[in-house]
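For reference, the structure is listed below as structure tokens.
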Amino acid sequence: TAAQPFDYGFLLHTSEEATATVALNEYLSSRSYLAGFSPSRVDQEVFELLHRPPSPQHVHALRWYRHIAALQRDTPSPDSSMKGKRVQPPWSAPAASNLPKLRLYNSLTRTKELFVPQNGNKVSWYCCGPTVYDASHMGHARSYISFDILRRILMNYFKYDVFYCMNITDIDDKIIRRARQNYLLEQYREKKPAAAQILQDVLSARGPFQAKLAETTDPDKKQMLERLDSAVAAALGPLQGAVESKAGEADVLLEKAKDLLSDWLDAQFGSQVTENSIFSLLPKFWEGEYHNDMDALNVLPPDVLTRVSEYCPEIVDFVKKILDNGFGYESNGSVYFDTAKFDTSQKHAYGKLVPEAVGDMKALQEGEGDLSVSADQLSEKRSQNDFALWKASKPGEPSWDSPWGKGRPGWHIECSAMAGSILGESMDIHGGGFDLRFPHHDNELAQSEAYFENDHWVRYFLHTGHLTIAGCKMSKSLKNFITIKDALAKNTARQLRLAFLMHSWKDTLDYSSNTMESAVHYEKFLNEFFLNVKDILRAPCDVTGQFEKWEAAEMELNESFYERKAAVHEALCDNVDTRSTMEEMRALVTQSNTYIASRKSSKLQPNRMLMKSIALYLTDMLKVRESLCSIPVGVFIHCTPLQNMETTVMPYLKVLSDFRESVRKIAREQNVTEVLQLCDVVRNDTLPELGVRLEDHEGLPTVVKLVDKETLLRERNEKKKMEDEKKNKKEEAAKKKQEQELAKLAKMKISPCDMFRSETDKYSGFDETGFPTHDVEGKDLSKGQTKKLRKLYEAQDKLHQEYLQTNQNGC
């Protein structure tokens, strides 16, 4: 038998069974009944004292008695074999289910691949950053918001430890050209040239510009150049012929023609700009603006930020090793990558991402940069497919020391050297815009794998889709773009992020009024749900009252809730399909709203815990994507102090709401219209100014909601606008009706005898009743004309008789 757990010995000396039962129950009320599966000797002896089970009022004694009785049936006698010892029965294991796993669309295979980080849970990620020579635009937002969403979901939902590195390109042909142009144009302005000089210089600059326009074949670029030329032509007109008296218009011309003039000045004097600091001021300013824009968009900063200007020594070493490995060659102070030798080597392949684009001269020259595609430079290459690793600097370009002379990095080598310095010979994810696939990312892959002598510098290449503006291609170089600041002036950062979430990250996104209206509507839809849930949770109840019985409606909603959660997880595993997740969340909110409305129509409160669970889940999912910013949304999770304010002020608002409801009830009972109107003023005018919305529902308590003031005022203005439009339409309809009635009355006053006599341009003869008999030429009217006129005459006679009858009755 098992060891004796407790000392029941005192019970053996109690002769009366009832007394023993009471004592036993009291003793067991604070102790465990058994120690193991077998009863002890004393358990057995006390059990034998009781001739029947204890009464139900002695609950502990009764449970103990039943335990001992059950165990006694299965306890072997002392002389029996231990083989009969009671053991646990076999466990029925549940069937394994195949849960979805994260797959990402990999540009290296053009298919969705199972995501497997190289180093356990850690994810190394490099993202191509901006070339900072102008304002950040919505094309940048397309990439960086999309990657921010992916990054947050990998970290916050899939719980990966993401190490995120991004670069800033602050050495580039575009930056060099723009910095020189800005410097030279500023010098030109400082000289304060006369109007005649400006006119002459613009005319001189327009010649080569128009020649460039004539040579341009790209339709988008040609359209951009035509717009610039038209603007200059319009500004030239007022000046020509009256230059001296048009100083103000000369300034307008200078502003309109600054692009033409900058090109013209750069062509003449660009080679004389030699101070390196001139080339650093421009990118430094625009990098600061970029970071401000990203902060305004609530985009997480990278864990590591690299600048090309800070990595020139590492870039030189990177180029040297590629040369040492036999995949590059020096030519006239520049160093080029030998694509043919790389492609023919056994373990390498050139053009992994877009093999069909290899040999595309237009794309290759764009990748080399505008300052690097002269005939002399192109002739330095062994093959047109080769690309610059290091460029010999020409006059008017910044330069750094290298074994091959003064020069600067090529565009593609910058990312390879910086990413390699931080992330090593292989990274999990490399991200960038779709248009960077070739040649930039293909060249990055080639030179990096040549350096590290491997074939897996990047495991997963992710490319975000293009962004169009109302269906048109957007490009900074084409001057067809909307800056991030302009976009944020129209919509909030959260609305922009919602718009991105409602589309696939890898497909084209059209930035248009329709797109943003959908995002704004979705935001309002979610906000209203969360406000309704908060109102439900504020309803007073005690601790136990929050747990309500579940009926069929709650079971049905909860089952759908778990189905939606599973669908969201499946969608996120499917290439982080945020569009489908947002639709699943919308469906969950719609079904929840239906449930809430059904309960309220039955004068019943919705189930608090179920509503709280759904709202918290939605809040968490939005938090994962970081769409909670600037304006509070969700339940209990905010980016502003509004939650604390809500906790503080809501009891006071509830008192005000209840008092107002009592006043309204008395006013309705006593028909005091003025008081009811004052109550409406409090609801419609006073409280919205404080960010408070009251919603009156017939037969139900007034709902109090804290909403940001701007939203309420906008709603009030929209409502007033709709009411005004409705009122205007009603007034216009009434006015039109009145005019029609007046016109009808005026017509009724006319006697049929007079209705045709005034039409002397049509008729020349009438009978004694005023009916026409001859046309204007004196000819008899035809039978057809007469028949038609007779109908008109009789209709007028009927109207006139009605008028006379009405007047007679009125008298």
> What does a probe at Met645 reach in segment 668-706, counting residues whose amide N is under 11 Å from the point 7 Å along Cα→Cβ?
Replying inline: 690-692, 706
>> Just to verify a number: FRET efficiency for Thr544 and Glu669, C-beta to C-beta distance, R0 = 51 Å, to 0.05?
In response: 0.90
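For a protection proxy built on the mean count of beta-carbon atoms within 10 angstrom, sort 148-160, 409-421 highest first, please. Mind showing how you got there, number by number?
Numbers: 148-160: 19.2, 409-421: 25.6.
Packing order, densest peptide first, comes out as 409-421, 148-160.
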>> How many angstrom lie between the Cα centre of segment 521-596 and the Cα centre of segment 205-234?
In response: 56 Å
> Can you list the equivalent-ellipsoid semi-axes of segment 173-286, largest first and in whole Å, using the square root of 5 times each Cα gyration tensor eigenvalue?
Replying inline: 24, 20, 11
>> Need one number: nm distance between label points at Glu768 and Glu314, each 7 Å from Cα along Cα→Cβ, rounded to one decimal.
In response: 11.6 nm
>> Counting only Cα atoms, I'd like the Rg/Rh figure for the chain, Kirkwood definition for Rh.
In response: 1.18
> Given a 1.4 Å probe and every protein chain left where it sits, what share in percent of the accessible area of segment 512-626 is carbon and sulfur?
Replying inline: 53 percent
>> Show me, for segment 780-790, the HN-Hα J-couplings you get by feeding each phi into the Karplus relation (A = 6.51, B = -1.76, C = 1.60, θ = phi - 60°), rounded to Hz, glycine and proline as x.
In response: 5, 6, 5, 4, x, 5, 4, 4, 5, 5, 5
> Rounded to the nearest whole Å², what accessible area per residue is found for the chain with the 1.4 Å probe?
Replying inline: 53 Å²
> Using a simple spin-label model with points 7 Å from Cα along the Cα→Cβ vector, what separation in nm is obtained for Arg41 and Gln57?
Replying inline: 3.6 nm
> Between segment 492-508 and segment 258-302, how many Å separate their Cα centres?
Replying inline: 28 Å
> For labels at Gln801 and Arg227 in the simple 7 Å Cα→Cβ model, what's the distance in nm?
Replying inline: 7.1 nm
> If the limit is 25 Å between Cα atoms, which of Lys258/Lys485; Lys122/Lys485; Lys221/Lys352; Lys600/Lys726; Lys506/Lys534 go over it?
Replying inline: Lys122/Lys485; Lys221/Lys352; Lys600/Lys726; Lys506/Lys534
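Can you compute the equivalent ellipsoid semi-axes for segment 303-464, i.e. the square root of 5 times each eigenvalue of the Cα gyration tensor, sorted largest first and rounded to whole Å? All intermediate terms of the calculation are to be shown ahead of the outcome.
On the way: eigenvalues 97, 68, 49 Å².
Whole-Å semi-axes of the equivalent ellipsoid: 22, 18, 16.
So between Val681 and Thr711, what do we pick up on full extension, going 0.36 nm a residue minus the alpha carbon distance?
Numbers: separation 30, 0.36 × 30 = 10.80 nm, distance 1.81 nm.
In short, 9.0 nm is gained.
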> Which of the peptides 726-734, 510-518, 391-399 is most tightly packed, and how do the rest follow, going by the mean number of other Cβ atoms within 10 Å of each residue?
Replying inline: 391-399, 510-518, 726-734
>> Helix-only estimate, please: 222 nm mean residue ellipticity of the chain, summing -39500 (n - 2.57) across DSSP H runs of length 4 or more and dividing by its residues, to the nearest 500.
In response: -17000 deg cm²/dmol
> Tell me, what % of the accessible area of segment 356-507 is carbon and sulfur with a 1.4 angstrom probe?
Replying inline: 49 percent
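Between Glu453 and Gln346, what length in nm is gained on full extension when 0.36 nm per residue of separation is reduced by their alpha carbon distance? Mind showing how you got there, number by number?
Numbers: separation 107, 0.36 × 107 = 38.52 nm, distance 1.13 nm.
Taking 0.36 nm per residue and subtracting the Cα distance, the gain is 37.4 nm.
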> Over segment 303-464, what relative contact order in percent results from Cα pairs under 8 Å that are six or more residues apart?
Replying inline: 29 percent
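The values are calculated or read from the model by the stated rules, or taken from the named source; none is laboratory data. Bear in mind the structure is a predicted one, so any value in this text is a computation, not a measurement. Note that we place each Cβ from the backbone using ideal geometry, even for glycine, and neighbour counts take in every protein chain shown. Please note that ligands, DNA and RNA were not included when accessible areas were found on the heavy atoms of the full protein model with its side chains. Shrake-Rupley method; radii C 1.70, N 1.55, O 1.52, S 1.80 Å.
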